[in-house]
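Coordinate-derived values only; no laboratory data. This structure is a prediction, so every number in the text was calculated from the model and none was measured. Every residue, glycine among them, receives a Cβ derived from its backbone with ideal geometry; neighbour counts consider all protein chains shown.
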Amino acid sequence: MATGSASIANMTVPNGGAGETLLMPKLQFRFRVRFNGFGSGDVGTLTRQVIDCSRPNVTFQEITMPIYNSTMYLSGKHQWQPMTLNLRDDASGKISAAVGSQLQKQLDFAEQASATAGIDYKFETVIEILDGGNGGTEPTVLETWSLAGCFVQVANYNTLNYANNDVVTVSLTIRFDNAEQYAGPSSSATLSGSIGAAIRTGSTTATGNGK
């Protein structure tokens, strides 16, 4: 007769092999978003005020090759889609100030003067999925996305409404040049646990690293 623990081990999808128990999933609410070079204020406040964000999405263009009696397709250039980020706007004005300073780096609205080069305003965004640790237990980073060459494409200060009890929010659409994905923290000395198939033989680089 199966014990209680044995029956739980059987709650899975049979696939003809041993060790078929379900894996612990990553949870949507265990994450943090960090910024490097965003605006000129306290980027730690941005991290604490995040409501939600999207993970990166990549699209590969299609190369069509018409041939005798058929058509073949190849993978062409790729393009990372913009990510979205929602922030709680605080009463002290720190979020509005941080977003405003980033927008000002991209364009001086008073003088109508733009930045000389992308390096003058682009920033890095790091999305980390955590294991739930906090306080005296340091959280373990389960997955990291590092987004390079970021700038704010859309800043939406959203609505005010007498009829509801919702907090005031700021929504950002962030366009970026490239993304790298890691199993664990991005600052790891080695990338032996990196996610994504290696393109070159023997490579252990992460997705999008391209080294």
Is it the case that some residue within the range 48-63 is loosely packed, with under 10 Cβ neighbours inside 10 Å and either part of a loop (DSSP other than H, G, I, E, B) or not charged (D, E, K, R) (or both)?
no
Kindly indicate whether Ala98 is out of contact with any His (no Cβ under 6 Å at 6 or more places or on another chain), among the small types (Gly, Ala, Ser) and surrounded by 18 or more Cβ atoms within 10 Å (Cβ to Cβ).
yes
Met65 vs (1) under 30 Å from Glu138 (Cα atoms); (2) free of Cβ contacts under 8 Å to residues at least 60 places away in the same chain: all pass except (1)
